[in-house]
Amino acid sequence: MSDTSYPRNKIEAHLLEGVHPSAAEALRACGYSVHERPGAPTSEELDAVLDRAHILGIRSRTQLTAAHLARAPRLWAIGCFCIGTNQVDLDAAAERGIAVFNAPFANTRSVAELTIAEIVALSRRLFDRSAALHAGRWLKSADGAHEVRGRTLGIVGYGRIGSQVSVLAEALGMRVGYVDPAPVLALGNARAAGSLGELLAEADAVTLHVPETPTTRGLIGADEIAQMKPGALLINNARGSVVDVGALAQALREGRLGGAAADVFPAEPAEPDAPFESPLAGLPNVILSPHIGGSTAEAQRAIAEEVAGKLARFMDNGSTLSAVNLPQVDLPVLHADHDRILHVHRNVPGVLAQINAAIGDLGVNIAAEHLQSDARRSYVILDVDRGRDREICRRLAAIGETIRVRSIR
């Protein structure tokens, strides 16, 4: 394990929102000073953490804006211990040389299993029957209850989760159609629909598995709901902004849809016991869950181990492989006779020449050089003769296009 240019035991890693303890274990094993917090911080509390943190771990409730990041002088890396990264201003982080990592695959199975469970439960009106029995009413009836075998499932977003749902649904005897903006390989007997409207018109149940982007916000509104089959089910385990919940609630009250399930909402409480309100609350055959699609012990441990590993590798090695906002570089182990210089800069002509000239003027040999760029930024890594890293970092920091520079010994 390489030494960092900063004492390892003074590198502070702050893990918020009850990140699985295996992440803290992994980061402590690297020698970092790890601080854990069970809930999401207030904006003021977050600023206090950012004033000290070199590594920040969050889940989905903590919002990291450009203003917050501007008050994070020591922050080098952010770990999103979840699938999404929309809670972080990624461009603002990149402008400060802060790498952002997530775990895009780790809770795929958990979300897919929840989706299938909801399809079955809604098809049998299971929650309504259970609630009635808890209230002392014996509602033994087949009214509105259906098998899922032979029914059609429409999947909006046929990525990692959507394709897993497809496989599980076919195992239950469902027919599967899907739409996705990218060309994807259909699994089993699933078939691509010609359009979203065609899929909505054919499906007995529609499940959403898309990221939050400008094109997916409001993807399912009143017009799309009106295209769905009478009595169809709608499941949203993607992002709260994807569905117009007011239009969905209206369709449910009017009996145009047979049921719905939502694990995500446009506005979600920051604390576990905070009040919650939604137009969907109290409606029959509606399953509401508090953003727990990936909240299984298996998924949370896998997420924690994956993201912690990426954070440690970035801090100790400089590798940005799978970072979502910086050019990706996968680096070899640092040779014992070398120091490693990590330099993030604006991608304009002439910067590499300035870097090489600054190091050459010191009479230091460059043993290895790695470079990756995107349209706006470049990340260059230089393995140099040992012992001059601090002086090199000072010189490179003086280059006008430099965003961030540090060294590893």
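Tell me, what does the Kirkwood hydrodynamic radius of region 43-115 come to in angstroms if you use every pair of distinct C-alpha atoms? One decimal place: 12.8 Å for the Kirkwood radius. For the peptides 181-190, 320-329, 233-242, 365-374, the ranking by packing is 233-242, 320-329, 365-374, 181-190, with the highest mean count of neighbouring Cβ atoms within 10 Å listed first. FRET efficiency for the pair Asp374 and Tyr6, taken as 1/(1 + (r/R0)^6) with r the Cβ-Cβ distance and R0 = 25 Å, rounds to 0.40. When each of the peptides 40-47, 151-158, 357-364 is scored by the mean number of other C-beta atoms lying within 10 Å of its residues, the order from highest to lowest reads 151-158, 40-47, 357-364. Beyond 29 Å, the tail of the calculated P(r) for the chain holds 52 percent of the Cα pairs.
Stretching the chain fully between Leu288 and Asp91 yields a gain of 67.6 nm (0.36 nm per residue, less the alpha carbon separation).
Against the chain, whose longest principal axis is taken from its Cα atoms, helix 108-123 shows a tilt of about 10°. Shown in residue order for region 335-349 are the 3J(HN,Hα) couplings computed by the Karplus curve 6.51 cos²θ - 1.76 cosθ + 1.60 at θ = phi - 60°: 5, 4, 8, 10, 9, 10, 9, 10, 10, 9, 8, 6, 7, 10, x Hz (x for Gly and Pro). Of the residues His343, His68, the one with the fewest other Cβ atoms within 10 Å heads the list, and the complete ranking is His68, His343.
Extension gain, Ala192 to Leu172: 0.36 nm times the residue separation minus the Cα-Cα distance gives 5.3 nm.
Judged by the mean number of other Cβ atoms found within 10 Å, the most tightly packed of the peptides 161-173, 217-229 leads the ranking 161-173, 217-229. What the Cα atoms of region 108-288 give is an Rg and a Dmax of 15.8, 51 Å. Sorting Phe314, Phe265, Phe105, Phe81 by the number of Cβ atoms found within 10 Å of their own Cβ, with the fewest placed first, yields Phe105, Phe265, Phe314, Phe81.
Highest GNM mean-square fluctuation among Thr85, Thr215, Thr296, for the chain modelled with Cα contacts below 10 Å: Thr215. For region 108-288, averaging the sequence separation of C-alpha pairs within contact (under 8 Å, six or more residues apart) and dividing by the residue count gives a relative contact order of 20 percent.
Spin-label model, Ala226 to Thr42: label points 7 Å out along the Cα-to-beta-carbon direction sit 4.5 nm apart. Taking each DSSP H run with n ≥ 4 as -39500 (n - 2.57) and averaging over every residue of the chain yields -9000 deg cm²/dmol at 222 nm. Reported value for region 329-409: 77 Å³ per residue, from the convex hull of its C-alpha atoms. Here the Gaussian network model covers the chain, with springs between Cα atoms less than 10 Å apart; of Ala132, Ala247, Ala48, Ala132 fluctuates the most.
Take every Cα pair under 8 Å whose residues are at least 6 apart in sequence, average their separation, divide by the length of the chain, and the relative contact order is 16 percent. When the Debye formula is applied to the Cα atoms of region 196-254, each taken as the same point scatterer, what base-10 log of I(q)/I(0) results at q = 0.18, 0.19, 0.21 Å⁻¹? So the normalised log intensities work out to -0.56, -0.63, -0.77. Here the translational diffusion coefficient of region 96-143 follows from Stokes-Einstein with Rh set to the Kirkwood radius across Cα pairs; for 20 °C and 1.002 mPa s it amounts to 153 µm²/s. Entry note, region 153-250: relative contact order of 28 percent, from Cα contacts under 8 Å with a spacing of 6+ residues.
Springs join every pair of Cα atoms under 10 Å in this Gaussian network model of the chain, and among Ala397, Ala93, Ala232 the largest mean-square fluctuation is at Ala397.
For Met174, the residues whose amide H sits under 5 Å from its own are Gly150, ignoring neighbours fewer than 5 places away on the same chain, with H placed 1.01 Å from N.
Every number in this text was worked out from the coordinates using simple rules, so none of it is lab data. Since we're looking at a predicted model, the values are computed, not measured. With ideal geometry, Cβ positions are generated from the backbone for all residues, glycine too; neighbour counts draw on all protein chains shown.
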